[in-house]
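To start, the structure under review is shown below, and the notes come after it.
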Protein chains: 2
Amino acid sequence: MEWMEKGQTVLIVGLGLMGGSYARALTGLGYRVTAIDRDPEAIAYALAEGIIRDGSASEETEEQLVREADALVFALYPGIFPEWVEKHQHLFKAGAKMTDVTGVKSCVVYRIQELLRPDVEFIAAHPMAGRERSGVENSDAGIFRDANYIVVPTEKNTAGGIQWCGGLGKALGCGRITVLSPEEHDDMIAFVSQLTHCIAVSLMTCSDNTHLAEYTGDSFRDLTRIARINDRMWSELFLLNREALLKQMDIFLEELKGFREMLAAGDTEGMREKMRLSTERRAMFDKR
Amino acid sequence: MEWMEKGQTVLIVGLGLMGGSYARALTGLGYRVTAIDRDPEAIAYALAEGIIRDGSASEETEEQLVREADALVFALYPGIFPEWVEKHQHLFKAGAKMTDVTGVKSCVVYRIQELLRPDVEFIAAHPMAGRERSGVENSDAGIFRDANYIVVPTEKNTAGGIQWCGGLGKALGCGRITVLSPEEHDDMIAFVSQLTHCIAVSLMTCSDNTHLAEYTGDSFRDLTRIARINDRMWSELFLLNREALLKQMDIFLEELKGFREMLAAGDTEGMREKMRLSTERRAMFDKR
């Protein structure tokens, strides 16, 4: 089954790495993709690359793009996302569907669904895909391949809307489509994504280690790949999910301190037990 | 220049993942490779695969293999390595050269060089390569490709011996050959390898997260790949480098706690500054 009828118009709001990757994928699938971004260069680049059909970087010309959209994909910073919807929703086509890519959910989903016109449905989603470099010029439809895609509905959503949103994930080529509540999503993301980014950053900043580049093996490179980070976006995501992330950081800090104490005490069996547990658990992540 | 004359005999002592990978690479290069291991199945496997010419799993038959060896590569657990040398060195060929793959250096290199016969030279090395799975059946000559290879000489080593040891790294296909003192090596390894393994293990053990497997993105998988760990070997390596590792763990714990405090206090600019520093430093690791 097709996600939407080919030729329908999908408006990308926010044409960075993620918005650009949606644009590439959806244009490739035969949809009419348009985009709005505050940066004229991002729009010019996407037009030149042929990954959008039309675009706007100014308030004057964006109105028509919003009116024409059958579906809207929001790839904005979470801090400006609800305001954008509030300001522009009078232009939305009746029956339009909206989704997003935002990395935190509780703080945006309820607020937007509360203020949204009743004839438009917003079904939140989080494609677990990305790149270390930001910007439309680094976008790539391949980032969705086999990625996990999470639909994050609330009780305001319809079965049809949830199906539509999962269908977009499938159309993009994502590997597994799952469903979580906003709260479940934010707890999960605090652990698997935000905590890991905090760790990677702290590994790079805890001492000046750049002279070690020539000695590192793959393990250090793997652990710090995500230490190349969009500081504006991630600090915003961390703050918007502060309580859940603090909880996960504290659990991890306690565990690592405990391991340190075992090492200090020469508790070989204690360390080996932790390692056996970690080996066993990690093996589950390789089964698909 | 060739590492050694083709057809000379290299004895691998300890035929696990690393020993097996050396055997595959050196057999492929035209050397006569033999091996000693306590496990008859490891020897039988390597003979059947054609990656060694001869092998022994018993004290009776190993004597001849030791006598014949022009070079010896030790891939033993560090705890038994010096004892093995002490017990067998009367069999070594005069003028033979020895190297190893041990992940910690200060605790083994000085001790072995102290007890070693004066007509045999031991030049320590650490190929920064590996796999998550142990055992000769997972060995692969490809693990050396582009890997960093560290020669770890002391003042007891000769210029010729150091060159010979680096030549082995080149022959294996390693990407960059560098030289560090045992103390420099152990400090470096505490940070880039041991600390990262402690972090990966603690991430897996700090809570039961296996139900999250279906939601993870690449970042979590990357950070925990090395959480599949040989518990016997790594606990031994950690204890043998305890002081250096405790120091690095404390530095990292302080840094992560500091980041946690910034988040708790809502210090956006502080977090962004850390992220910018980490981004800048991490970029250095991608330049080669």
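Laboratory data are not the source of any read-out in this text; all were calculated from the coordinates shown. Since we're looking at a predicted model, the values are computed, not measured. Note that each Cβ is placed from the backbone with ideal geometry, even for glycine, and that neighbours are counted across all protein chains shown.
Taking every C-alpha pair closer than 8 Å and separated by at least 6 residues, the mean separation divided by the residue count of chain A gives a relative contact order of 16 percent. Computed from Cα positions, the angle between helix A:40-49 and the longest principal axis of chain A comes to roughly 80 degrees.
Close amide H partners of A:V33, meaning residues 5 or more places away or on another chain with modelled amide H under 5 Å apart, are A:V10, A:R53. When each of B:I226, B:I52 is scored by the number of other beta-carbon atoms lying within 10 Å, the sequence from fewest to most is B:I226, B:I52.
With a threshold of 25 Å on the Cα-Cα distance, the over-threshold entries among A:K6/A:K105; B:K97/B:K170; B:K87/B:K247; A:K105/A:K274; B:K105/B:K274 are A:K6/A:K105; B:K87/B:K247; A:K105/A:K274; B:K105/B:K274. Work out the FRET efficiency for A:R67 and B:R276 from their Cβ-Cβ distance, taking R0 = 35 Å, and round it to the nearest 0.05. Given R0 = 35 Å and the Cβ-Cβ separation, E is 0.30. Counting only residues at least eight positions apart within a chain, or on another chain, the aspartates and glutamates with an alpha carbon under 13 Å from that of A:K93 are A:E63, A:E68, A:D70, A:D119, A:E121. The aspartates and glutamates whose alpha-carbon is closer than 12 Å to the alpha-carbon of B:K257, local same-chain residues fewer than 8 away aside, are A:D250, A:E254. Quick one: if the Förster radius is 30 Å, what FRET efficiency do A:S181 and A:K6 give, using the C-beta to C-beta distance and rounding to 0.05? For R0 = 30 Å, the calculated efficiency reads 0.40. Counting beta carbons within 10 Å around each of A:S181, B:S278, B:S106 and listing the fewest first gives the order A:S181, B:S106, B:S278. Taking other C-beta atoms within 10 Å as the exposure proxy, B:H90, B:H185, B:H197 rank B:H90, B:H197, B:H185 from fewest upward. Rounded to the nearest 0.05, what FRET efficiency do B:D140 and B:R232 give with R0 = 25 Å and r taken as the Cβ-Cβ distance? Could you check? Taking R0 as 25 Å, the efficiency between B:D140 and B:R232 is 0.70.
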